[in-house]
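J.: My questions all concern the structure below.
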Amino acid sequence: AKPARRKWCLDDFEIGRPLGKGKFGNVFLAREKKSKFIVALKVLFKSQLQKHNVEHQLRREVEIQSHLQHKNILRLFGYFHDEHRVYLILEYAAKGELYKILQERSRFDERTSADYIFQLTNALKYCHRKSVIHRDIKPENLLLGLENTLKIADFGWAVHAPSSRRKTLCGTLDYLPPEMIRQEPHDATVDLWSLGVLTYEFLFGNPPFEAEGHTNTYKRITSVDLRFPEHIPVSAEAKDFVKKLLRRRPSERMSLADALQHPWITKNVPHSSLA
Ligand SMILES: CS(=O)(=O)NCc1cccc(-c2cn3c(Cl)cnc3c(Nc3ccc(N4CCOCC4)cc3)n2)c1
């Protein structure tokens, strides 16, 4: 039988440099003393979690992410807490946040974009097979491991499909499909929409429906006001890939299986058809 998950405590780890600051706490490089295994230790303050009433969301994130095992999903090895803090023991992603790299390079070339989207599509296919929808696919939630391995992190908004769960529209609307903005029941096809938004952002450097303020972004999303800047040279296949995902009607969005077979992927990702 599976060894009972052992009880972890802070004394099991040597804490290294801070990796980054989050809304509810910080992430540190850490090493488990006995095995010398390197991890990322995400420290969350209970006071902050209570203040924002997100304890249930964190419990769901831990429950979901600890059961997912896929090379493109950041592993959650365990968790523990003390009087004031909750600690998540996470896989260390050696190349950091993808959105920082996107910011530095302003946009990715087609092969790089297709490679990341191929990896993400495989991870989403795995999630959907387990009836998990992520609902918050965006560059800020993607990390990069060695060999440019993309890792979906932060399952804070993941739920078991289908769902009509409220998503307090804090933060950017840019990645939300029309049905979620309208707070209608939604299913795994919301991740197909976000995959299209992300593909566009990798290729053009900003999300497709970006506008001043929520109301204008809202209007552009619900009317699928999709435009491709003329001055950025992007192949017809890439645009076709995006157009097939950014469909207002969820049932008309290209499936993950079709995405993996799309010419933009098969032409730009060697060995993609072997997967
Ligand atoms: C809400 S939050 O607290 O989770 N987000 C804030 C934040 C901000 C920044 C980073 C990281 C971060 C998280 N990581 C996790 Cl989780 C696993 N590995 C990393 C991880 N790994 C990592 C690896 C390398 C680097 N370097 C690479 C060389 O250039 C300087 C940065 C940074 C982070 N980083 C997190």
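The values are calculated or read from the model by the stated rules, or taken from the named source; none is laboratory data. Keep in mind that this is a model prediction, so the values were computed, not measured. Methodologically, a virtual Cβ is constructed for each residue, glycine included, from the backbone with ideal geometry; neighbour enumeration extends over all protein chains shown. Heads up: the accessible areas ignore ligands, DNA and RNA and are worked out on the full protein's heavy atoms, side chains in. Shrake-Rupley method; radii C 1.70, N 1.55, O 1.52, S 1.80 Å.
J.: Using 0.36 nm times the number of residues separating D11 and E32, minus their current alpha carbon distance, what extension gain do you get?
T.: Full extension of this stretch gives 6.7 nm more.
J.: Under 14 Å Cα-Cα from K219, which aspartates and glutamates qualify once same-chain neighbours fewer than 8 residues away are excluded?
T.: D174, E179, E210
J.: Add -39500 (n - 2.57) for each DSSP H run of 4 or more in the chain, then divide by its residues: what number comes out at 222 nm, to the nearest 500 deg cm²/dmol? Don't jump to the answer; show the numbers that get you there.
T.: Numbers: 10 runs with 99 residues, N = 275.
Only helices count here, giving -10500 deg cm²/dmol.
J.: Rank these by accessible area, largest first, 1.4 Å probe: D191, D109, D82.
T.: Most to least solvent-accessible, the answer reads D109, D82, D191.
J.: Treating only the Cα positions of segment 183-275 as identical point scatterers, give the base-10 log of I(q)/I(0) from the Debye formula at each q in 0.15 Å⁻¹.
T.: Log10 I(q)/I(0), no solvent term: -0.62.
J.: In addition: Of all DSSP beta bridges in the chain, what percent run antiparallel (nearest 5)?
T.: Counting only bridges with both partners in the chain, antiparallel ones make up about 95 percent.
J.: Continuing with this model, one more query. Give the residue from P250, L10, T217 lying farthest towards the positive end of the charge dipole for the chain; charges sit on Cβ (+1 for Lys and Arg, -1 for Asp and Glu) and the dipole is referred to the Cα centre.
T.: Positive-end residue among those listed: L10.
J.: Sticking with this one: Starting from the 7 Å offset along Cα-to-Cβ, what nm value, one decimal, do you get for the label separation of L146 and Q48?
T.: Output for this residue pair reads 3.0 nm.
J.: Sticking with this one: Given a 1.4 angstrom probe, what's the average accessible area per residue across the chain, in square angstrom?
T.: On a per-residue basis, the chain sits at 51 Å².
J.: Among the listed pairs K42/K71; K46/K125; K23/K151, give every one whose C-alpha distance is greater than 27 Å.
T.: Exceeds cut-off: K46/K125.
J.: On to the next question. Leaving ligands and nucleic acids out of the surface, order K151, K244, K51 by accessible area at 1.4 Å, largest first.
T.: The most accessible residue leads, giving K51, K244, K151.
J.: Right, another one. At a Cα cut-off below 16 Å, give the lysines reachable from K36, other chains included and same-chain residues fewer than 8 away excluded.
T.: none
J.: Give me the percent of accessible area attributable to carbon and sulfur for the chain, probe 1.4 angstrom.
T.: Using a 1.4 Å probe with all protein chains present, the chain comes out at 52 percent carbon and sulfur.
J.: Also, quick follow-up: Enumerate the whole-percent occupancy of each 5 Å bin, from 0 to the last occupied one, for all C-alpha pair distances of the chain.
T.: 1, 5, 12, 16, 18, 17, 13, 9, 5, 3, 1, 0
J.: Something else about it: Need one number: nm distance between label points at D82 and A236, each 7 Å from Cα along Cα→Cβ, rounded to one decimal.
T.: 6.3 nm
J.: Using the reciprocal of the averaged 1/r over all distinct C-alpha pairs, how large is the Kirkwood radius of segment 47-128 in Å?
T.: Evaluated over segment 47-128, this radius sits at 15.2 Å.
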